[in-house]
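Below is one structure; the comments refer to it alone.
Read the figures in this text as sums done on the coordinates, not as results from a lab. In this text, all values refer to a predicted model and were calculated from it rather than measured experimentally. All Cβ positions, glycine included, derive from the backbone under ideal geometry; neighbour counts span all protein chains shown.
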Protein chains: 2
Amino acid sequence: MMDSVRPRTEELIAEKLDLERLLAAGGGNTFRVADLGCSIGPNTFHNVEHIVQQVRQKYNHMMMTSAAPEFQVFFNDQVNNDFNALFRSLPPERDYFAAGVPGSFHTRVFPNSSLHLAYSASSAHWLSRVPPEVVDRGSPAWNRGMIHYGSAPKPVEDAYRAQFRKDMGGFLRARSEELVSGGMLVLVFPGLPDGMLHSETQAGSVIYCVNLSILDLVRQGVLDEDQLDNFNFPMYFPHPREMRELVEENQCFSSIELEVVDPEESTWLQGGVGLREWLVVIRSTMAESFARHFGGEEIVDKIFDGASQKIAERAEVIMSTKCKELPLLYVALQRN
Amino acid sequence: MMDSVRPRTEELIAEKLDLERLLAAGGGNTFRVADLGCSIGPNTFHNVEHIVQQVRQKYNHMMMTSAAPEFQVFFNDQVNNDFNALFRSLPPERDYFAAGVPGSFHTRVFPNSSLHLAYSASSAHWLSRVPPEVVDRGSPAWNRGMIHYGSAPKPVEDAYRAQFRKDMGGFLRARSEELVSGGMLVLVFPGLPDGMLHSETQAGSVIYCVNLSILDLVRQGVLDEDQLDNFNFPMYFPHPREMRELVEENQCFSSIELEVVDPEESTWLQGGVGLREWLVVIRSTMAESFARHFGGEEIVDKIFDGASQKIAERAEVIMSTKCKELPLLYVALQRN
């Protein structure tokens, strides 16, 4: 869990989680936690460990007379996630039962009313697919020459937003069926303060520089123009307002907290992140998709070498963007 | 599921499974099934599909007023099982929620009272390890020159039996904690009729020929004697009497059925299995361990080429063994 949101989650569990109600609703004496979009660890293990520890503490503190609950943790990610790697690195001393659940979290992956707490860190901004309009030459939303909506014309951003609405709508609908009454849903993922554009953040500027570098490679004939036009990065960074609307449309959740975490609190970025660090973060997010789409590691090196130069040239402008860090959205909901 | 035991399981579900009691005990409206020792499919999918279908039919037949249960199936195997392959081959049209559970079924892998039906096909005869005495030169149970207990002196068989008692004891203890009251445990795995020795079966004879072939390779200097002495195959084929004793010692289960399935019913072997087919079956079971222990595919070929010759030489004797087919033990227990 990002350190900055850990105290929030602790508070949430201490104050809002009604253990007796939850265990009665879920049946048996098992407290079931899901980490949605877990990847291969080890972050997911830290997050889960923290949650289990907090709930256990709360239980002990209440000195409930029934037997202490046992914990079952479901690690969920796409079916092409490396679950073998995940399973092999499970902490041997864990005090929960572990299971892996393959499947898209935009749809149902758990039985009805079977989860007590669902958690997702750094995953909910991934779209289920590239919005089809942005790679359609006939569409006004065709994202020619660009790899993301950040610095693209409005129709492109609209297409991304529509895809996010569809995906997050499905996500909330699935969780509203899977969580027991009183169960909690906690999401932490990059988002934007209301009114701010993605292009007004440093992360947005860095992605733009990556894009410019790819355009150079197209101009040099290293990459094909069609290849570029067929590539779009399936991520959307919503505003709190958009998330709030989706939660209201869903009707099954009460919102406990829905806010942008002040970047100052993001200790992993504390002291200000340099542009070089941003490039590393963005490379780690994008490299695999680039390698798959553009064919190989060598091209990825070329793309990021070029991007590094673009960033150096534009450093002053970039450093003066509105938002130095890509903020986090913290969304905590309770199932009615 | 082996076709021969499918009707037994159908009957069991139809007659002995108390659905109302089970769903009340397990809480919520989820029916939870575990396949223990699932490997990578596709057999596990057929087994599970069959079980889910039978339980669903029974539910529909009862015309219960509550909402139909949803099914959650846990595929369990050792942590080094290829869960990625398993997940990728999950039937896309399945009508259950799937999860993978890494860990040894000789210990707890699920929360208390969380399963309604646990099933294990062709796995419960695997030991958690080679009994330590049989590879200890100082022990009277040292299994010098042999790879299994089948044709070995009695102390070796005793060591294997003791390991099986420990492992199956742990297996039953774990399941008695994981199954809800009224829940079912069904095991199908190779075993022997009371009073019969493993060496009195064709499978035993074929394994013995494999052993003779390895001894030849040691004599020829292709394999090292120490290498052979350090290798033992961690499988035990119990008698119904032994299983009955372990169930009674556990005290948490009522035995519904515990018997050797008449080999005549084993349709996969119907018409009698030839010695060549046995060698194929045994090779598929042993090849990986051999390759790992003796170093490479080439040695495995040599071992089985030699074994094939030994079998040809002894064909008449082998064909006249007491038991032409290695029988199956069918064990159906209900949690008190």
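Annotations for the structure displayed:
- Summary of packing: across the peptides B:170-178, B:30-38, the per-residue average of other C-beta atoms within 10 Å ranks them, highest first, as B:30-38, B:170-178.
- Counting Lys and Arg as +1 and Asp and Glu as -1 over every other residue whose Cβ lies under 12 Å from the Cβ of A:S104, the net charge comes to 0.
- The modelled label-to-label distance between B:R144 and A:E225, using points 7 Å beyond Cα along the C-beta direction, is 8.2 nm.
- Counting only alpha carbon atoms, the long axis of helix B:275-290 and the longest principal axis of chain B meet at about 90°.
- Cross-link reach list, lysines versus A:K322, counting only Cα pairs under 23 Å and skipping chain neighbours closer than eight places: A:K154, A:K310
- Taking the Cα centre of chain A as reference, the dipole from Cβ charges on Lys and Arg (+1) and Asp and Glu (-1) amounts to some 480 debye.
- Relative contact order computed over chain A (Cα-Cα under 8 Å; 6+ residues apart), in percent: 21
- Neighbour counts of C-beta atoms inside 10 Å place A:S181, A:S120, B:S320 in the sequence B:S320, A:S181, A:S120, starting with the fewest.
- Hits among aspartates and glutamates - C-alpha to C-alpha of B:K302 under 19 Å, sequence gap 8 or more where chains match: B:D216, B:D224, B:E225, B:D226, B:D229, B:E277, B:E288, B:E313
- Shape analysis of segment A:3-335 places it in the prolate category; the axes a ≥ b ≥ c from the Cα gyration tensor give an a/c of at least 1.5, with a/b above b/c.
- 222 nm mean residue ellipticity, helices alone, for chain A (DSSP H n ≥ 4; -39,500 (n - 2.57); rounded to 500): -14000 deg cm²/dmol
- Cβ-derived FRET efficiency at R0 56 Å, A:R94 paired with B:D194, nearest 0.05: 0.85
- Against chain A, whose longest principal axis comes from its Cα atoms, helix A:154-178 is set at around 20 degrees.
- Taking the longest Cα principal axis of chain A as reference, the axis of helix A:6-16 is set at about 40 degrees.
- FRET efficiency for A:S128 and B:V280, using Cβ-Cβ distance with R0 set to 30 Å, rounded to 0.05: 0.10
- For the protein assembly as shown, the Cβ-based charge dipole about the Cα centre amounts to some 620 debye (Lys, Arg positive; Asp, Glu negative; other atoms uncharged).
- Interchain or long-range residues, amide H under 5 Å from A:M235's placed H: A:L127
- Straight-line cross-link partners of B:K58 among the lysines, defined as a Cα under 20 Å from its Cα and at least 8 positions apart when in the same chain: B:K16.
- Inter-chain neighbour count for A:107-117: the average number of beta-carbon atoms from partner chains within 10 Å of each residue's beta-carbon is 4.
- Counting 0.36 nm for each residue step from B:K58 to B:K322 and taking away their Cα separation leaves a gain of 91.0 nm.
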